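**Student:** A single structure is presented below for examination.
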Amino acid sequence: MSAEATNPATPGPITPGAHRRRGLPRIDLRRLGRAALLGPAAGNRLPDAIGHVVEAHRAHHPEAPLEPLRRAYVLAESSHRGQMRKSGEPYITHPLAVTLILAELGAETTTLTASLLHDTVEDTDVTLDQVRREFGEEVAYLVDGVTKVEKIDYGAAAEPETFRKMLVATGNDVRVMSIKLADRLHNMRTLGVMRPEKQARIAKVTRDVLIPLAERLGVQALKTELEDLVFAILHPEEYARTRELIAANDTLGSDPLAEIAEDVRTVLKDAGITAEVLIRPRHFVSVHRSRRKRGALRGADFGRLLVLVAEDADCYGVLGELHTCFTPVVSEFKDFIAVPKFNLYQSLHTAVSRGDGEVAEVLIRTHQMHKVAEAGVVALGNPYAPPSEEQAERDGERADPTRPGWLSRLLDWQEAAPDADTFWSTLREDLAQDREITVFRPDGGTLGLPAGASCVDAAYAQYGEDAHACIGARVNGRLATLSTVLRDGDTVQLLMGQDPASEPSRDWLDHARTPAARIAIRRWLTTHPATPQAEPQGRRAPEAAPRTPQGAPAGRPAEANAVVDKPGATVRLAGCCTPVPPDEITAFAVRGGAVTVHRAECPGVARMKSAGRAEIGVSWGDTAECRVSLIAESFSRPHLLADLTEAIALESVAVISATVEPPSQGRVRHTYTLQLPDAATLPGLMRAMRNIAGVYDVSRAQHPAQSSS
């Protein structure tokens, strides 16, 4: 009996185009195994055992060369001859089945050749050099990429290190992971011959690592069947209940989804739109999720309608007709054509209802989109070959599938993982992020991040360990703390300090979602156990010796070098707005016969005018010393106060007083009252303060409480 027949949990085979057509028989691997035992075919005739592979391959690539497949099969069969699987079948049935899966998905000849040979270096006397000599560097690289590391060398770390090696190889050629996914699918199909505890262990690794990788590479046909196989092993009772629901629905006399599909065909035909309308049964896990979400399921809930058209524009034409002739469920509409998913997926999603309450979910896409939706990177053929003019025109500026953002992130942080256990646990955690967002940089670049990522994650994704010097961010043009959670489509400008001794905050770990950020921060904290403490906040800085133009007492308005229309009057600069040349100014008489000069936009001016106080004409005289209050808005960091006061001193400006408010959400405000040698010093002073790491704005102060009366 075949391995598949001994596995009652196996829900069904993968088939081209629609991977869940219940009731269709699986390819007879036992028959292929018997053919393999007959040995290689005579001469250059193609072996009968790979006839199914060739048939599937030629369906996608009519002109593909078959000689490499013949030679690869001959080598694989002869090297595996005598080896048996636990199911009792000849071992060659496994590489044949793996290759057939990839051929059905549309893999090109090089991938299929490597797939036939993928276990030879690991399990037979065939060497990698031999593969390289006979089949070339590409095939050898793919075979080596999926070859496990020796357990004798790595012990318990062999599985994590094998995946680490495979991921690094995938970084250079995504076809490595395509072969591994197909390999795992066939092994999962035949897992019934294993002990239950080993089935559970393999199923958990498949759930935590392989299924998320299949999702990220867009290989939905493999992902959905792997999900069903894992579901059957890890949740047998729920699987059995779901299986019964599907079987019961299949026995019903009427099929509302088929009726809606026929109505859709009629609508599109009347509209002159050429389209193929198919029914796609939901796979087991999808039905299970729908039942948990909606409760009792109706007939149309067991599948979706798939509408295939020729051109992108036709997709929107179909959408318009459906929303015109049926009642759309607005909340279900999603446009993944205008904004493709990070794994190349493109489609329009909608749902329509009919009078009896049946709701049908509808997927609308072109034939090419459907091919990519099913097979992901596998459907791209050789992703490293220069694209044809037709492909370039069709794909436009689509993201490079050979090095997607999530893979680049993963490869970056895996190098920093200190040991196999950290790598393995962090890998599973990273892959558990079920969605990716794209944020934009001001320079036009993009960053791919998991949903829920913060500005901390963006900093480490863009700058690596240099992100230790990050002091803040602007999100969509507005200042934001590093803890700010980013949303898909945000524009993020990271503000970097210039201090080479900058250090990350331990608090950043609370906001870091990506492994790259967490590993970098933890590594710094581990190697710097005694970090300098930040200067106490919320206290007044030491005050410099007060100086005023005419010896006025500290803390009182300075006398001004302005000639007012009130001869003999004492003229002072208002402490509420501290005007300096060339500010537009006005003046008011105050008690004691003095005149106070305000900036024209000072809030105190409006209050005095509304109170009926008469303005006095005033203008600036010769430029001389003047006093000004400045507010420095900054992100909290150690030594900031010292750096600011040093910058002020370097501009030959005296500090009359300085106040530092308690930090709030990582931000702090410094208020300085300063004595300038002349008004021309002010612009340069403000620039010097803004250039201090952590300072994001410097502005003139307004103090309404100190306005003169």
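What follows draws every value from the coordinates through simple rules; no lab data is involved. Source: prediction; values computed, not measured. Here Cβ is always computed from backbone atoms with ideal geometry, including for glycine, and neighbour counts include all displayed protein chains.
**Student:** Cut-off is 10 Å between beta-carbons; in what order do VAL126, VAL74, VAL668 appear when sorted fewest neighbours first?
**Tutor:** Ordered by Cβ neighbours within 10 Å, fewest first: VAL74, VAL126, VAL668.
**Student:** Compute the FRET efficiency between HIS367 and GLU237 as 1/(1 + (r/R0)^6), taking r as their Cβ-Cβ distance and R0 = 25 Å, and round to the nearest 0.05.
**Tutor:** The pair HIS367/GLU237 has a calculated efficiency of 0.05.
**Student:** Determine the dipole magnitude for segment 50-156: charges of +1 sit on the beta-carbon of Lys and Arg, -1 on that of Asp and Glu, nothing else is charged, the reference point is the Cα centre, and the result goes in debye to the nearest 20.
**Tutor:** 280
**Student:** Mind sorting THR251, THR673 by how few other Cβ atoms lie within 10 Å of their own Cβ, fewest first?
**Tutor:** THR251, THR673
**Student:** Please list the non-local residues whose amide H lies under 5 Å from the amide H of ARG85, H modeled 1.01 Å from N, same-chain partners needing a gap of 5 or more.
**Tutor:** TYR91
**Student:** How much length, in nm to one decimal, is gained on full extension between GLU122 and GLU63, taken as 0.36 nm per residue of separation minus their Cα-Cα distance?
**Tutor:** Extra length available between GLU122 and GLU63 comes to 18.1 nm.
**Student:** Quote to one decimal, in nm, the extra length available between GLU137 and HIS528 on full extension: 0.36 nm per residue of separation minus the C-alpha distance between them.
**Tutor:** Gain on extension, GLU137 to HIS528, equals 136.3 nm.
**Student:** Which whole-number percentage describes the relative contact order of segment 421-527, with Cα contacts under 8 Å and a sequence gap of 6 or more?
**Tutor:** Relative contact order here is 29 percent.
**Student:** Once you put a point 7 Å from the Cα of ARG201 and another 7 Å from the Cα of GLN665, both along the Cβ direction, what distance in nm separates them?
**Tutor:** Distance between label points: 5.0 nm.
**Student:** Mind giving me the nanometre distance, one decimal, between the label points for ALA680 and ALA606, set 7 Å out from Cα along Cα→Cβ?
**Tutor:** Placing both labels 7 Å beyond Cα along the Cβ direction yields 3.5 nm.
**Student:** Calculate the dipole size of segment 421-527 relative to its Cα centre from +1 charges on Lys and Arg beta carbons and -1 charges on Asp and Glu beta carbons; express the result in debye to the nearest 20.
**Tutor:** With Lys and Arg at +1 and Asp and Glu at -1, about 160 debye.
**Student:** Continuing with this model, one more query. For a footprinting-style exposure proxy, rank TRP413, TRP508, TRP524 by other Cβ within 10 Å, fewest first.
**Tutor:** Ordered by Cβ neighbours within 10 Å, fewest first: TRP524, TRP413, TRP508.
**Student:** Give me the distance in nm between label points sitting 7 Å out from Cα along the Cα-to-Cβ direction at ALA313 and GLN130, one decimal.
**Tutor:** 5.8
**Student:** If I take every Cα pair under 8 Å that is 6 or more residues apart in segment 80-154, average their sequence separation and divide by the length, what percent do I get for the relative contact order?
**Tutor:** Relative contact order comes out at 25 percent.
**Student:** Express the relative contact order of segment 633-699 as a whole percentage, based on alpha carbon pairs under 8 Å and six or more residues apart in sequence.
**Tutor:** Rounded, it is 42 percent for segment 633-699.
**Student:** Please list, ordered by chain and number, the residues whose modelled amide H lies under 5 Å from the amide H of GLY472; skip anything fewer than 5 residues away on the same chain.
**Tutor:** Amide H neighbours of GLY472: LEU495.
**Student:** Once Lys and Arg get +1 and Asp and Glu get -1 on their Cβ, which of LEU142, GLY218, VAL121 lies farthest toward the positive end of the dipole of segment 113-242?
**Tutor:** Among LEU142, GLY218, VAL121, the one farthest towards the positive end of the dipole of segment 113-242 is GLY218.
**Student:** I've got another one for you. In whole Hz, with x marking every Gly and Pro, tabulate ³J(HN,Hα) for segment 247-256 from phi via Karplus 6.51 cos²θ - 1.76 cosθ + 1.60, θ = phi - 60°.
**Tutor:** Those phi angles translate into 4, 5, 5, 5, 8, 5, x, 9, 10, x Hz.
**Student:** Another question about this same structure. Out of all DSSP beta bridges in segment 571-706, what portion is antiparallel? Express it as a percent rounded to 5.
**Tutor:** 90
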